[in-house]
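Beneath this line is the structure, given in structure tokens, with notes to follow.
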Amino acid sequence: MGRGLLVLVSAICVLAFILVLFSDFLPLPFGGYADQRFFLVAATGLLAAVPFLSFTLKSALRSAQCLVLLPSFMLCLAFIGLAAPFWNQAYTWVEPGMYSFYFMAAIVSGAGLAWSGIGTVFVRFLILIIAATCLIYGLTSVNVYLFAIFDGVTKLIDFIPWGFVNIRYWSHIATWCLPLMPLAVLVGPLKDVRSWRIGVLLGAGMWWWILFLTTGRGSALGIAFGVMLAVLLFGRRAFPWLKVFVTYLAVGILIWLLLSVLIPTMLSDGGIHVRTVHAGDSGRLPLFIEAWQMSFQNFPFGMGPQSWLTHERLTAAYSAAGKLGHPHNMYLMWAAEYGWALIAALGVVVLQAIRYFWKIRAVMLVESAPNASDEKLLMLAAFTASVSAALFHAGVSAVFMAPGSMLAGLFVLIGFWALILPAGAEPSPSVEMPQQPFFFRLPALVLSAILLIGWVVWSQDVWGYYQDMREDEELYYKDVGEGMLPRFWFHGNFPR
């Protein structure tokens with residue numbers, strides 16, 4: 001099962017990063033953003049159902065492993081159960097289904113890799129994919145830069161980051177990837193290849209340049225938080241990773257000075273125009289307060305899926321603002337729409353992850369020599385920084401809503417769970433596993449059937465949602481205020 005799961009997850013991972021970063025080059029039938037959403041539906045369904053079904057059919061799912069999966073099942077049921085009272089509303093199941101399958105796919109696939117003892121194998125492959133695709137994207141960005149600068153363009157943020165209709169969607173990818181890129185020269189088969197190390201250096205530097213160019217505050221704050229947390233938790237053991245991270249940051253600053261200051265100044269009267277860095281909340285505080293008030297209207301069960309777009313406004317500050325598609329805080333949005341009961345279920349999964357993380361961290365710190373660079377320890381430090389940065393970013397933006405971010409984050413979360421869960425030796429092919437009586441396997445088989453049926457039903461709802469969105473586009477462009485309907489969940493130009 002383990003090798004088959006590794007091939008499946010790795011193949012989907014490659015396709016996901018190609019689709020997310022290079023959709024402009026691909027002949028996509030529905031447009032990059034919508035196709036990413038459809039791919040997310042397929043990927044999360046496969047990665048949730050296939051590992052669980054495989055374990056069930058092989059009778060390899062033990063009671064201890066069921067306990068590991070229980071909190072994630074409860075979280076998924078919380079999304080569905082808290083949406084159930086609103087079943088007669090339009091598009092009730094589209095977002096709850098997405099969140100349910102997303103978290104299930106991340107945890108079940110990560111657990112399957114860990115139990116098969118090949119979690120670190122997948123992590124090494126993931127790091128290679130991230131570094132290679134980010135390098136190609138960075139080199140292509142320089143090409144776009146050259147065309148723009150020789151055409152006299154000074155506002156590069158209209159062209160870079162390219163392939164993303166909204167700067168925030170790229171910055172979400174950067175939050176996931178930048179803390180992981182140093183691992184590409186610290187672990188894996190290419191870590192001692194000089195050309196590879198130079199390529200990763202340039203790729204990471206160019207991503208930092210784009211981040212400075214677009215002044216992505218959410219990414220910068222999230223990454224800073226994640227790095228500080230990783231250093232705090234691992235101390236000097238994380239210094240090899242931190243040293244490379246700081247080197248990449250310094251190279252990014254040098255590239256920014258060269259491409260955004262020196263060259264434009266030589267070619268024109270002024271330099272490149274960058275986005276202004278705001279010290280305030282950018283209008284988010286009224287949105288936070290509105291979502292907070294919503295969370296207590298039907299305490300602790302929330303006002304229903306997508307009620308942020310349809311509810312009667314509760315606060316004067318939000319009433320005075322334009323209608324926005326997202327409160328720019330994932331947790332407050334979940335509390336508003338699904339209630340604090342959902343946040344409690346999410347908290348159980350987070351506490352479970354912290355517990356497993358703390359146990360594996362303690363083992364690594366004891367087993368590795370104080371002055372040695374333990375590969376798995378460095379992996380865990382980098383993934384801790386990446387995941388915590390993304391969780392922080394989710395508190396000030398829509399990091400878990402954009403399909404590109406969800407696709408990139410899915411495989412980072414799979415890698416994180418594969419690192420923190422205890423590995424189990426996979427049975428040898430020559431050893432026949434004892435078959436449990438059918439009576440004991442029946443509940444797991446029924447659950448697998450429900451999972452597959454739910455995936456099919458949810459996919460149909462998503463397709464219907466997309467078709468209705470297309471019909472509404474003409475109306476939306478005629479009347480922006482009244483046309484901001486939930487159906488634009490598929491449209492990349494809008495905040496939600």
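The values are calculated or read from the model by the stated rules, or taken from the named source; none is laboratory data. Since we're looking at a predicted model, the values are computed, not measured. We place every Cβ from the backbone using ideal geometry, glycine too, and count neighbours over all the protein chains shown. Calculation scope for accessible area: heavy atoms of the full protein, side chains included, ligands and nucleic acids excluded. Shrake-Rupley method; radii C 1.70, N 1.55, O 1.52, S 1.80 Å.
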Meets criteria (in a helix (DSSP H, G or I), farther than 14 Å from Gly216 by Cα, in contact (Cβ under 8 Å) with a residue 60 or more places away in the chain and open to solvent by 30 Å² or more (accessible area, probe 1.4 Å)) for Leu135
yes
From the list Val121, Val144, Val165, pick out the single residue that is open to solvent by 10 Å² or more (accessible area, probe 1.4 Å) and touching a Phe, Trp or Tyr at 6+ places or on another chain (Cβ under 6 Å).
Val144
Quick one: His326 ticks every box in (1) touching a residue at least 60 places away in the same chain (Cβ under 8 Å); (2) over 23 Å from Asn88 (Cβ atoms); (3) in contact with a Pro (Cβ under 8 Å, 6 or more places away or on another chain); (4) part of a helix (DSSP H, G or I) bar one, so which box is it?
(4)
Do we find that Gly188 is buried (at least 18 other Cβ atoms within 10 Å of the Cβ), of a type outside the set (D, E, K, R), at positive phi and in contact with a Lys or Arg (Cβ under 9 Å, 6 or more places away or on another chain) in this structure?
yes
Residues located in segment 190-239, provided they are among the aromatic types (Phe, Trp, Tyr) and more than 27 Å from His328 (Cβ to Cβ)
Trp196, Phe234, Phe239
Would you check if there is a residue in segment 5-23 being in contact with a Gly (Cβ under 8 Å, 6 or more places away or on another chain), in a helix (DSSP H, G or I) and under 18 Å from Ser448 (Cβ atoms)?
yes
May I ask you to list the residues in segment 243-255 that are open to solvent by less than 70 Å² (accessible area, probe 1.4 Å) and touching a Phe, Trp or Tyr at 6+ places or on another chain (Cβ under 8 Å)?
Tyr248, Leu249, Val251, Gly252, Ile255
Within segment 81-103, tally of residues that are without any contact (Cβ under 8 Å) to a residue 60 or more places away in the chain and open to solvent by 60 Å² or more (accessible area, probe 1.4 Å)
2
Would you check if Val50 is touching a helix residue (DSSP H, G or I) at 6+ places or on another chain (Cβ under 9 Å), touching a residue at least 24 places away in the same chain (Cβ under 8 Å), open to solvent by 10 Å² or more (accessible area, probe 1.4 Å) and in a helix (DSSP H, G or I)?
yes
Where a residue in segment 181-194 is closer than 16 Å to Ala381 by Cβ and assigned to a loop (DSSP other than H, G, I, E, B) and its partner, wherever it lies, is of a type outside the set (A, V, I, L, M) and open to solvent by less than 10 Å² (accessible area, probe 1.4 Å), with Cβ under 8 Å and at least six apart
Leu186/Trp241
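Rundown of residues vs (1) at pLDDT 90 or above; (2) within 22 Å of Leu391 (Cα to Cα); (3) open to solvent by 20 Å² or more (accessible area, probe 1.4 Å); (4) touching a Lys or Arg at 6+ places or on another chain (Cβ under 6 Å), yes/no style:
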site: Phe301; (1), (2), (3), (4): yes, no, yes, no
site: Pro305; (1), (2), (3), (4): yes, yes, no, no
site: Thr315; (1), (2), (3), (4): no, no, yes, no
site: Gly322; (1), (2), (3), (4): no, no, yes, no
site: Met330; (1), (2), (3), (4): yes, yes, no, no
site: Met333; (1), (2), (3), (4): yes, yes, no, no
site: Tyr338; (1), (2), (3), (4): yes, yes, no, no
site: Ala344; (1), (2), (3), (4): yes, yes, yes, no
Right, Ser23: within 17 Å of the chain's Cα centre (by Cα) and touching a residue at least 24 places away in the same chain (Cβ under 8 Å) or not?
no
Among the residues of segment 124-165, what is the count of those that are hydroxyl-bearing (Ser, Thr, Tyr) and under 26 Å from the mean Cα position of the chain (by Cα)?
4
Restricting the search to segment 205-242, which residues are open to solvent by 30 Å² or more (accessible area, probe 1.4 Å), free of Cβ contacts under 8 Å to residues at least 24 places away in the same chain and of a type outside the set (A, V, I, L, M)?
Phe239
Find the residue count for segment 168-201, including only residues that are closer than 17 Å to Thr140 by Cα and of a type outside the set (Gly, Ala, Ser).
5
Report yes if some residue within segment 399-412 is at pLDDT below 90 and open to solvent by 30 Å² or more (accessible area, probe 1.4 Å); otherwise report no.
no
Would you check if Tyr99 is assigned to a helix (DSSP H, G or I), among the aromatic types (Phe, Trp, Tyr) and more than 20 Å from Val7 (Cα to Cα)?
yes
Quick one: count up the residues across segment 12-47 that are over 18 Å from Ile173 (Cα atoms) and surrounded by fewer than 16 Cβ atoms within 10 Å (Cβ to Cβ).
7
For Cys66, are the conditions met, namely being crowded, with 24+ Cβ neighbours inside 10 Å, part of a helix (DSSP H, G or I) and either under 18 Å from the mean Cα position of the chain (by Cα) or at negative phi (or both)?
no
Residue selected from segment 446-466 under the condition polar (S, T, N, Q) and open to solvent by 20 Å² or more (accessible area, probe 1.4 Å), by the criterion nearest to the chain's Cα centre (by Cα):
Ser459
Within segment 204-230, residues being charged (D, E, K, R) and at pLDDT 95 or above number 0
If you scan segment 153-180, which residues turn out to be part of a helix (DSSP H, G or I) and not hydroxyl-bearing (Ser, Thr, Tyr)?
Leu156, Ile157, Asp158, Ile167, Arg168, Trp170, His172, Ile173, Ala174, Trp176, Cys177
